[in-house]
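What follows is a set of notes on a single structure, which appears directly below.
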Amino acid sequence: MTQTTAMSVLVVDDESGMRSFLKKALARRFTLVEVAGSVEEAEQLRSRCHFDLLIVDISLPGRDGIEWHEALDLDTRRSDVIFMTGFADMDTAIRALRAGAADFILKPFRLEQMIQAVDRCIERRLLRRENLMLRREMAHSHPSTIIGNSPNLLEMKEVIRRIAPTNSVVLIEGESGTGKELVARSLHQLSGRNGTFVAVNCGAIAPELLESELFGHVAGAFTGARGTREGLFSFASGGTIFLDEIGEMPLQMQTALLRVLEQRTIRPVGSEKEIPVDVRVVAATNRELLEEVNAGRFRRDLYYRLNVLNILIPSLRERPDDVVDLVHHFTRQLSSELGVREVAWSHEDLLVMQGYDWPGNIRELRNMVERCLLLGKPPAEYWRSQQTAQEPEGQGAGYPVDMALKEVERLHVLRVVEQQGGNKSAAARVLGVSRKTLDRKFKEWGLAE
């Protein structure tokens, strides 16, 4: 391991030569390397920054290095520690191990010994982060192949290819169900970044918990915070964090996110320490963010900070030529996952699908394929049921052409809620929005309970 990691290290040793030697040697492996000649200096540095690794000499002026480490608060004790000493005996080694030492090095040592010990600590820390994220994803597979060859989709793929290797913030815009997370995963896979891809739905997390979820917290930061917890920005170190439904983020959190984007550091809830992070931020929204800015619901400075690079995903009705490829793709994928036989789609079926508007976009198409596979019903019957469900009494399946768009939206939402028996959560899933968004719409229409 020779690449720099988004981690920090503090070297505590009273020998100036050793401090200079290690600072130079570790500079290629850490984003931040600090040195201190005494416990007092170390404490001053600790008050300003969190350190992932401590390299501590046991024999320090005025205080034993092991005793100092044992007296540290729980937040710092989560840092890995390597002890050094020129006067080793069995009792000292046992004390160091009991104090939680990751390694114990006897002076004088060869540089290779220290580097190997440091690399082991880095690898263990990265592995812990990766394992946590793997457990969060519950072994789900998220293939990032973007299906389709229509001109506007090929243009979007070329934009992804060009901007993926950069570290700039990306804003993905598009209607619900168009595959914004798929585009974000493609950006990550083509970026060459070695860290984890972390997806966060900002609209699905309670506002009072969002800051802790993103940045972590220390013990006692709030009721129920019994221990220190790393946030999703830390888990995504060296990788990409995808902030979906960014328009749902509360204004207070927007301020905190802007600070992270500008300073490239995070501050866990309840902590005074800034932690450096190397994370590429990709955000997505199905809202018109500029309208949200003008309405005072989204910070103007954050909007311009997010909108450095922009990707607009075309809706499915704008690329009907891709419908057939998507149908066959989902048929193969879902029949394998569900353990059922594939459907032999007729030419007439595919023509109907290409002529449909797909208001729910790719998500609706996938759900249609899954329903047909599971129920074993012919596609024509599915389309008849769709037409009946969407057709109000005494009126055709569509809406009058002179009806305002906002009124069409209101009627469509109310119809879906009615179809779901008044279950707003179920209706939100069908519409491809969060329950919070649906509640906000009802409040705007004066229909809040």
Exercise. Accessible area, 1.4 Å probe, largest first: how do LEU312, LEU251 sort?
Worked result: LEU312, LEU251
Exercise. Using 0.36 nm per residue, how much length does the chain from ARG110 to ARG63 gain when fully extended, once their Cα-Cα distance is taken away?
Worked result: 14.3 nm
Problem set entry | For region 279-287, 3J(HN,Hα) per residue [Karplus equation, 6.51 cos²θ - 1.76 cosθ + 1.60, θ = phi - 60°, Hz, x = Gly/Pro] | 9, 8, 9, 10, 10, 9, 7, 9, 8
For this session: Go ahead and set up a Gaussian network model of the chain, Cα springs under 10 Å, then flag whichever of GLY220, GLY179, GLY195 fluctuates most.
Result: GLY220
Problem set entry | TRP345, TRP68, reordered so the largest accessible area comes first (probe 1.4 Å) | TRP345, TRP68
Exercise. Helices from the chain with mean Kyte-Doolittle at least 1.6 and a Cα length along the axis of 24 Å or more, per DSSP H: which?
Worked result: none
Seminar exercise, completed: Looks like region 278-337, by Cα gyration tensor root eigenvalues a ≥ b ≥ c and the a/c under 1.5 rounded cutoff (else prolate when a/b is bigger than b/c, oblate otherwise), is prolate
Problem set entry | Solvent-accessible surface ranking, highest first, for ARG429, ARG29, ARG435 at 1.4 angstrom | ARG429, ARG435, ARG29
For this session: Quote the Stokes-Einstein diffusion coefficient, in whole µm² s⁻¹, for region 169-313, based on the Kirkwood radius over alpha carbon pairs, a temperature of 25 °C and a viscosity of 0.890 mPa s.
Result: 158
Seminar exercise, completed: Counting only DSSP beta bridges fully inside the chain, the antiparallel percentage to nearest 5 is 15
For this session: Would you mind putting 117-123, 338-344 in packing order, based on average other-beta-carbon counts within 10 Å, highest first?
Result: 117-123, 338-344
For this session: Calculate one ³J(HN,Hα) per residue across region 233-246 by plugging θ = phi - 60° into the Karplus curve 6.51 cos²θ - 1.76 cosθ + 1.60, and present them in order as whole Hz with x for glycine and proline.
Result: 5, 5, 4, 8, 3, x, x, 10, 10, 9, 9, 7, 6, 4
Exercise. Non-local amide H neighbours of ILE55 (under 5 Å, H modeled in plane, Pro and chain starts lacking H): which ones?
Worked result: LEU10, VAL11, VAL12, ILE82
For this session: Note down the relative contact order for the chain as a percent, whole number, built from C-alpha pairs under 8 angstrom at least six residues apart.
Result: 13
Exercise. Rg to Rh for region 14-97: what is it, with Cα atoms only and Rh by Kirkwood?
Worked result: 0.94
Exercise. Counting pairs of Cα atoms in the chain, how many percent are more than 34 Å apart?
Worked result: 46
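The values are calculated or read from the model by the stated rules, or taken from the named source; none is laboratory data. Everything quoted here is computed from the prediction, not taken from an experiment. Counting neighbours? That spans all protein chains shown, and the Cβs are built from the backbone with ideal geometry, glycine included. Protein only, heavy atoms only, side chains kept; ligands, DNA and RNA dropped before computing areas. Shrake-Rupley method; radii C 1.70, N 1.55, O 1.52, S 1.80 Å.
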